[in-house]
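First the structure, in the form of structure tokens, and then the observations on it.
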Amino acid sequence: MPKTSVLGNCFMCGETAAKIAMKNHLIKAHDNGAEPCRLILAEGAYVKNYWLLFSIAIDTPMATVDKFLRQIWCECCGHLSQFDRNQSTKIALLAPKQKISYEYDMGSMTEIVLTVLDEISRPPQKEKICLLARNMPHVEACNTCGAPATFINAWDDAFACAACAQNSEDADAMLPFVNSPRTGVCGYEGTLDRWAFDPHKPFPQIPPASKKQSKAGE
């Protein structure tokens, strides 16, 4: 995985910036409304170049955060998930700089760290969580031919283009290379992720409601 900083896109206005600069941009340009929220950073515990910045209404239960993380980053087989039990379950009680750990799948685990960055506001909306910014999809080269990779080998984390993945001896282990810290793990393919940035669409970019619900706690 890349070790250098990965840029991200603002879903509110299209701004491009690295993680910390994006946080500052959101506070400066998009802290404007009557609904009190917390600004949250989510990032892979060990692969921090996968990151999300989102606002969340202070009356939101943590179960809604679990559902959001499952849909955008984690869900593949209905695995169990859990937050750090020592943390408050009420968003309103979370203070800036507070960190919360999240684990999905107690076997092939994906670990995520949530950090409360600030108290912000937004115009009232139906959705409790609003994705404000996200890292751009990672770019990797096929380990065999050097073409842009679209698959990852779940057995050894090798990258492959579509042609090399199809012809590989490990074809059964090939999974889509997707924008998530869970890419290449278990059977994760990102099928519930509906938050794709499109520079050609108007802003703000808010995805349509999901028609497929994930099963939490199974």
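Every number here is computed from the coordinates shown, using simple stated rules; none is lab data. The structure presented is a predicted model; accordingly, all values stated were derived computationally and were not measured. Every residue, glycine among them, receives a Cβ derived from its backbone with ideal geometry; neighbour counts consider all protein chains shown.
Annotations for the structure displayed:
Residue by residue, here is whether (1) more than 19 Å from Thr60 (Cα to Cα); (2) touching a residue at least 40 places away in the same chain (Cβ under 8 Å); (3) out of contact with any helix residue (DSSP H, G or I) (no Cβ under 7 Å at 6 or more places or on another chain) holds:
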position	(1), (2), (3)
Asn86	no, no, yes
Ile91	no, yes, yes
Lys97	no, no, yes
Ile100	no, no, yes
Asp105	yes, yes, yes
Leu114	no, yes, yes
Glu127	no, yes, yes
Leu131	no, yes, yes
His138	yes, yes, yes
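Each row is one residue, and each column tells you yes or no for (1) more than 15 Å from the chain's Cα centre (by Cα); (2) part of a loop (DSSP other than H, G, I, E, B); (3) within 21 Å of Ser55 (Cα to Cα).
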{"site": "Val116", "(1), (2), (3)": "yes, no, yes"}
{"site": "Gln125", "(1), (2), (3)": "yes, yes, yes"}
{"site": "Asn143", "(1), (2), (3)": "yes, yes, no"}
{"site": "Ala163", "(1), (2), (3)": "yes, no, no"}
{"site": "Leu175", "(1), (2), (3)": "yes, no, no"}
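- Filter pass, Lys99 being among the charged types (D, E, K, R) and buried (at least 20 other Cβ atoms within 10 Å of the Cβ): no
- The listed residue being over 23 Å from Gln205 (Cα atoms), surrounded by 15 or more Cβ atoms within 10 Å (Cβ to Cβ) and of a type in the set (A, V, I, L, M, F, W, C), out of Cys76, Cys10: Cys76
- As for region 60-76, it holds no residue that is part of a helix (DSSP H, G or I), farther than 22 Å from Val178 by Cβ, without any contact (Cβ under 8 Å) to a residue 60 or more places away in the chain and of a type in the set (Gly, Ala, Ser).
- Here Arg70, Arg85, Arg38 are screened, and the one residue that is basic (Lys, Arg), surrounded by 15 or more Cβ atoms within 10 Å (Cβ to Cβ) and closer than 30 Å to Cys186 by Cα is Arg70.
- Of the criteria (1) more than 22 Å from Ala95 (Cα to Cα); (2) under 12 Å from the mean Cα position of the chain (by Cα); (3) of a type outside the set (Val, Ile, Thr), which one Asn9 fails: (2)
- Region 48-59, residues that are more than 15 Å from Trp195 (Cβ to Cβ) and not in a strand (DSSP E or B): Lys48, Asn49, Ile58, Asp59
- Lone unmet requirement of (1) under 16 Å from Phe177 (Cβ atoms); (2) surrounded by 14 or more Cβ atoms within 10 Å (Cβ to Cβ); (3) in contact with a strand residue (DSSP E or B) (Cβ under 7 Å, 6 or more places away or on another chain) for Ala133: (1)
- For region 27-47, the tally of residues that are more than 21 Å from Arg194 (Cα to Cα) and in contact (Cβ under 8 Å) with a residue 24 or more places away in the chain stands at 13.
- Contacts under 9 angstrom Cβ, first residue in region 160-187 being closer than 12 Å to Trp73 by Cα, partner of a type in the set (D, E, K, R) and outside any loop (DSSP other than H, G, I, E, B), 6 or more apart: Asn179/Arg134; Pro181/Glu43; Pro181/Glu111
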